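Undergrad: Below is a structure I'd like to ask you about.
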Amino acid sequence: MPKLAASKALVEDLVAGSRILAEHEVLDAYGHLSARSDKRPEHFIMSRSRAPALVTAADLIEWGADSEAVTGDKRKGFIERYIHGEIYRARPEVMAVVHSHSPSVIPYGVTQTKLRPIYHMGSFLWSGAPVWDIRKVREENDLLVRDRPLGAALAGALGKCNCVLMRGHGMTVVGEIEGPVAFLSDEEGRRSTAANRGTLERPWELWKTRAARATRRS
Ligand SMILES: [Zn+2]
């Protein structure tokens, strides 16, 4: 297995993160998580094409800024890895990317109702969740982000937000690993997100423990 430009801690977190997202049904057989390399920041680390619940350290591949494998790894990658590569290029501060087909967000990609936070644990949505419609970029498409131009267009739609919804497809969320119905105001959203960041160790420990238990059972 080619050596990755990533610390042991990053590899462990990426494996745990994949399994946690699967356990919480954010990802199923489809969808993926990646992290920016902590040894070579222009690269990112993501699994080969495999269901996230089954990912192990041996499945991880190092990808370059062009979203192609950099270590001569010939294993099949996710078709939609360009989502990750183009967001890392466009947003230097982004350390992790999740792409999901979760049915719970699909309605927000096809209605005029905006996805907005109504409680503090959803505060990361304060920046808004724009809807990206692949048809506006490429008339003939199969909804998948299967090359760099489509990935760059999606990254452009994400802009400075934390989440972009994808019409008829799913969503992509970025993160850092380090209003009336009473939506949260921008200020509440900002402050609440900062407060939540300060307690991330607690859920992370819980989720990681659960994922490890589930792995032992399987
Ligand atoms: Zn997808």
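The values are calculated or read from the model by the stated rules, or taken from the named source; none is laboratory data. As the structure is a computational prediction, the values presented were derived from the model and not from experiment. We place every Cβ from the backbone using ideal geometry, glycine too, and count neighbours over all the protein chains shown. Areas reflect the complete protein model, heavy atoms only, side chains present, ligands, DNA and RNA absent. Shrake-Rupley method; radii C 1.70, N 1.55, O 1.52, S 1.80 Å.
Undergrad: Is it the case that some residue within the range 113-122 is buried (at least 17 other Cβ atoms within 10 Å of the Cβ), within 16 Å of the ligand (Cβ to nearest atom), in a helix (DSSP H, G or I) and not aromatic (Phe, Trp, Tyr)?
TA: No, because not a single residue in the range 113-122 is buried (at least 17 other Cβ atoms within 10 Å of the Cβ), within 16 Å of the ligand (Cβ to nearest atom), in a helix (DSSP H, G or I) and not aromatic (Phe, Trp, Tyr).
Undergrad: Which condition does Asp59 not pass, out of (1) open to solvent by 50 Å² or more (accessible area, probe 1.4 Å); (2) over 13 Å from Tyr82 (Cα atoms), if it passes all the others?
TA: Here Asp59 meets the rest and fails (1).
Undergrad: Which condition number does Phe78 fail, the rest of (1) more than 14 Å from the ligand (Cβ to nearest atom); (2) of a type in the set (Phe, Trp, Tyr); (3) closer than 30 Å to Arg217 by Cβ being met?
TA: (1)
Undergrad: Is it true that some residue in the range 119-130 is at pLDDT 95 or above and in contact with a Phe, Trp or Tyr (Cβ under 6 Å, 6 or more places away or on another chain)?
TA: Checked the range 119-130: no residue is at pLDDT 95 or above and in contact with a Phe, Trp or Tyr (Cβ under 6 Å, 6 or more places away or on another chain).
Undergrad: Out of everything in the range 29-60 that is within 15 Å of the ligand (Cβ to nearest atom) and of a type in the set (Ser, Thr, Tyr), what residue ends up being farthest from Phe78 (Cα to Cα)?
TA: Ser34
Undergrad: Return the pairs, sorted by first residue and then second, in which the second residue is more than 12 Å from the ligand (Cβ to nearest atom) and part of a helix (DSSP H, G or I), the first residue lies in the range 80-101 and is among the aliphatic types (A, V, I, L, M), the beta carbons are less than 7 Å apart, and the residues are 6+ apart or on different chains.
TA: Ile87/Ala155; Ile87/Leu158; Ala90/Ala155; Val94/Ile87; Val94/Tyr88; Val97/Ile87; Val98/Leu21
Undergrad: Additional query: Just to be sure before I move on: is Gly151 modelled with pLDDT of 85 or more, away from the ligand (no atom under 16 Å from the Cβ), in a helix (DSSP H, G or I) and closer than 29 Å to Gly77 by Cβ in the structure I sent?
TA: no
Undergrad: Is it the case that Val26 is modelled with pLDDT of 95 or more, within 13 Å of the ligand (Cβ to nearest atom) and under 15 Å from the mean Cα position of the chain (by Cα)? Step through it out loud before you land on a result.
TA: Numbers: modelled with pLDDT of 95 or more: no; within 13 Å of the ligand (Cβ to nearest atom): yes; under 15 Å from the mean Cα position of the chain (by Cα): yes.
Considered against the rule, which asks whether it is modelled with pLDDT of 95 or more, within 13 Å of the ligand (Cβ to nearest atom) and under 15 Å from the mean Cα position of the chain (by Cα), Val26 comes out as no.
Undergrad: Condition test on His101, is it surrounded by fewer than 20 Cβ atoms within 10 Å (Cβ to Cβ) and within 16 Å of the ligand (Cβ to nearest atom)?
TA: yes
Undergrad: So, one more: So which of Val94, Val145 is outside any strand (DSSP E or B), surrounded by 18 or more Cβ atoms within 10 Å (Cβ to Cβ), within 12 Å of the ligand (Cβ to nearest atom) and among the hydrophobic types (A, V, I, L, M, F, W, C)?
TA: The conditions single out Val145.
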